[in-house]
Amino acid sequence: MPALNQNLQKLFAAAQKEERLGIGLMSGTSLDGLDIALCRFSGSGLQTKFKLINFVTIPYEESFKKEVQQVFAKKQVSLEQVTLLNAYIGTFHAELILQALAEWQVNPSDVDFIASHGQTIYHAPKRLHQQENYGNATLQIGDADHIAVKTGILTISDFRQKHIAAGGEGAPLALYGDVLLGSKPGENRVLLNIGGIANLTYLPADADYSKVMCTDIGPGNTLIDAACRAYFDKPFDEDSAIAYSGTVDETLLDALLHHPFFNENLPKTTGPELFNLDFVADAQQATRTLNIAKADLVATLSAFTARSIARFIGANFPVADLKLFTSGGGARNPFVIDHIRKALPNATIADTGELGINPDAKEAILFALLGNEALCGEPIAIGSNPAVLMGKFSFSG
Ligand SMILES: Nc1ncnc2c1ncn2[C@@H]1O[C@H](COP(=O)(O)OP(=O)(O)OP(=O)(O)O)[C@@H](O)[C@H]1O
Ligand SMILES: CC(=O)N[C@H]1[C@@H]2OC[C@@H](O2)[C@@H](O)[C@@H]1O[C@H](C)C(=O)O
């Protein structure tokens, strides 16, 4: 039998180890920075044992955000800019990983794999584009060959394509990790992530994985952030200072909550391609609220996030018998969380820190888990999701 080449030998060795060190990377729709989670794994699937060793979010410079924003969630962009960014983001993420590893005094050669989400620049489920000849599609850039070559670490990436190829919308993938991290027999749980977009995983008390459900709900921080950028020259509404200084416009809020996306079948996905300031302006036009104070707009958009989340949970789950665990940057938005609490007075709400999961690190941990599965797992059927192993391998040499 011919010998395996060195890349495949390394891959085999990593997959067969008792314990593996893996890095999960997330660069989300909020474009706030790169989340880097260093985890130790043993086993796979529902028997995985994992420990978060180190975590950091390295914030992006404004100049980098602006470059990505030129192509982010836009129908018409410069193809040259996309091409340049694809290579640039891969190299840039590799530099940030090396910086984090140096700070943690971890030698790159001790890390078995990197699992990289990349940067979503366009998410186009068929429900959005509605073009007959095309199916679901999504695009994450930041090519992993650059990460692998620059760090010397086997890199797994582009997880969402397999989900689409096997019948999904490419998102949310959270359930694959949430089942492992968050389910507890005897408790109905919801793991709610409020990132740019809000999504959740429902974990039923009987631990019947066929009943697990994971879907996007609607906007998380994306509209709040967009309004802060456009009208206050701020990247986000820190500690809800602007929202608390304004008043919710109930007429506008009601119009926003009437968007047909909220009545579409589950599971479903969305993004800033739909929930953006043009959508808000249309609702303002229709309700003659174009002239409301900008602080009132931020308050209304914050209430919109909270109310759409609370309405979804109230309509779909047994609220009085439910534990809700929050994560993502929006879990640190007090206005949003207060409004969810008020709308769901009977639900128990805490952040995922109560489960021993750093709420800011959860999505990066998810990708590390998916990387571990790509190396040594088996496809698992959860809810209506495709039972597939996701991710593509990039070798360092
Ligand atoms: N102290 C705070 N007060 C208010 N909002 C905050 C605070 N800290 C973080 N946020 C919000 O959280 C956002 C970042 O959230 P997060 O990093 O979870 O998003 P993401 O991972 O990019 O999104 P997604 O999950 O959609 O991909 C910020 O843009 C901001 O809106
Ligand atoms: C296409 C894409 O990047 N979607 C993200 C986004 O951010 C939140 C929500 O929209 C979710 O569907 C998904 O990310 C998480 C990590 C997921 O797949 O579970």
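The values are calculated or read from the model by the stated rules, or taken from the named source; none is laboratory data. Predicted model only: the values in this text are computed from it and were never measured. A quick note on method: Cβ atoms are made from the backbone with ideal geometry, for glycine too, and the neighbour counts reach across all protein chains shown. Note: accessible area is taken over every heavy atom of the protein model, side chains too, but ligands, DNA and RNA are not part of it. Shrake-Rupley method; radii C 1.70, N 1.55, O 1.52, S 1.80 Å.
Taking R0 as 41 Å, what FRET efficiency do you get between LYS342 and GLU95 from their Cβ-Cβ distance, rounded to the nearest 0.05? Display every interim value, and only then the final one.
Working: r = 44 Å, r/R0 = 1.07.
E(calc), rounded to 0.05, equals 0.40.
Give the Rg (one decimal place) followed by the Dmax (whole number) of segment 6-169, computed from C-alpha coordinates and expressed in Å.
17.0, 52
Using r as the Cβ-Cβ distance of LYS51 and VAL77, and R0 as 30 Å, what FRET efficiency do you calculate, to the nearest 0.05? Walk me through the intermediate numbers first.
Numbers: r = 41 Å, r/R0 = 1.35.
Result of the calculation: an efficiency of 0.15.
Let me check something: with ligands and nucleic acids excluded, how do LYS150, LYS342, LYS65, LYS51 order by accessible area (1.4 Å probe), largest to smallest? Mind dumping the intermediate values first?
Working: LYS150 95, LYS342 155, LYS65 25, LYS51 125 Å².
Ranked from most to least accessible, the order is LYS342, LYS51, LYS150, LYS65.
At 7 Å along the Cα-to-beta-carbon direction for both ALA87 and GLU61, put a label point, then send me their distance in nm to one decimal.
Label-label distance for ALA87 and GLU61, simple model: 2.0 nm.
Leaving out ligands, DNA and RNA, what percent of the accessible area of the chain is carbon and sulfur, probe 1.4 Å? Intermediate values should be presented prior to the final figure.
Details: 8630 of 17460 Å².
Here carbon and sulfur together make up 49 percent of the probe-accessible area.
Please state the Cα pair-distance histogram of segment 343-390 with 5 angstrom bins from zero: what percent is in each bin?
Final binned percentages: 5, 17, 15, 17, 17, 16, 7, 4, 1.
Taking the solvent-accessible surface of protein heavy atoms with a 1.4 Å probe, what is the per residue accessible area of the chain in Å²?
Working: 17460 Å² over 397 residues.
Using a 1.4 Å probe on heavy atoms only, each residue of the chain averages 44 Å².
Based on DSSP H runs of at least 4 residues, each adding -39500 (n - 2.57), what is the mean residue ellipticity at 222 nm of the chain after dividing by all its residues, to the nearest 500 deg cm²/dmol? Let's see the in-between values first.
On the way: 14 runs with 154 residues, N = 397.
Helix contribution divided over all residues of the chain: -11500 deg cm²/dmol.
Please list, in order, the residues from segment 221-236 whose amide nitrogen is less than 17 Å from a point placed 7 Å along the Cα→Cβ vector of ASN276.
221-231
Å³ per residue of the Cα convex hull, for the chain? Please list the in-between numbers first.
Numbers: hull volume 58.0 nm³, N = 397.
Convex hull of Cα atoms, per residue: 146 Å³.
Averaging sequence separations of C-alpha pairs under 8 Å and six or more residues apart, then dividing by the length of segment 170-293, give the relative contact order as a whole percent. Before the final figure, lay out the partial values.
Values: 165 pairs, mean separation 26.8, N = 124.
That works out to 22 percent.
Between GLN131 and ASN263, what is the label-to-label distance in nm when each label sits 7 Å out along the Cα-to-Cβ direction?
Placing both labels 7 Å along Cα→Cβ, they lie 2.8 nm apart.
Which value, in debye to the nearest 20, gives the size of the charge dipole of segment 267-390 about its Cα centre, when Lys and Arg are +1 and Asp and Glu are -1 at the Cβ? Spell out each step's value before the answer.
On the way: 10 positive and 12 negative charges, 99 e Å.
Once rounded to the nearest 20, the dipole reads 480 debye.
Expressed in nm to one decimal, what extension gain is obtained for the pair ALA102 and ALA230 from 0.36 nm per residue of sequence separation less their Cα-Cα distance? Mind showing how you got there, number by number?
Working: separation 128, 0.36 × 128 = 46.08 nm, distance 3.67 nm.
Difference between extended and current length: 42.4 nm.
Place a +1 charge on the Cβ of each Lys and Arg in segment 174-355 and a -1 charge on the Cβ of each Asp and Glu, then give the dipole magnitude about the Cα centre in debye, rounded to the nearest 20. Before the final figure, lay out the partial values.
Working: 14 positive and 22 negative charges, 38 e Å.
Around 180 debye, computed over segment 174-355.
Could you state the angle between the C-alpha long axis of helix 362-376 and the longest principal axis of the C-alpha atoms of the chain, as a value from 0 to 90 degrees rounded to the nearest 10?
30 degrees
Could you give the angle, 0 to 90 degrees to the nearest 10, between helix 277-287's Cα long axis and the longest principal axis of the Cα atoms of the chain?
20 degrees
Could you work out how far the C-alpha centroid of segment 324-352 sits from that of segment 360-397, in angstrom?
The two parts, judged by their Cα centres, are 28 Å apart.
Mind jotting down a quarter of the surface of the convex hull over the alpha carbons of segment 284-397, in square nanometres, one decimal? Please report the intermediate quantities before stating the final value.
Working: hull surface 47.3 nm².
Directional mean of the projected Cα hull area for segment 284-397 stands at 11.8 nm².
For every other residue with a beta carbon closer than 13 angstrom to the beta carbon of ALA165, add +1 if it is Lys or Arg and -1 if Asp or Glu, then tell me the sum. Don't skip to the answer; put the middle values down first.
Numbers: positive: ARG160, LYS162, LYS392; negative: ASP158, GLU169.
Net local charge, ALA165 excluded: +1.
Reported to two decimal places, what Rg/Rh ratio describes segment 174-355 when computed on Cα atoms with Rh from the Kirkwood expression?
Values: Rg = 16.2 Å, Rh = 16.6 Å.
Ratio value, two decimals: 0.98.
Grab the beta carbon distance between SER245 and GLN6, set R0 = 51 Å, and tell me the FRET efficiency rounded to 0.05. Write out the running numbers ahead of the final one.
Working: r = 60 Å, r/R0 = 1.18.
The computed FRET efficiency comes out at 0.25.
What number, in percent, do you get for the relative contact order of the chain if the mean sequence gap of Cα pairs under 8 Å and at least 6 apart is divided by its residue count? Intermediate results must be reported in sequence, preceding the final value.
Values: 807 pairs, mean separation 85.2, N = 397.
Once divided by the residue count of the chain, the mean separation gives 21 percent.
Within straight cross-link reach of LYS75, meaning Cα distance under 12 Å, which aspartates and glutamates are found once same-chain residues fewer than 8 apart are removed?
GLU273
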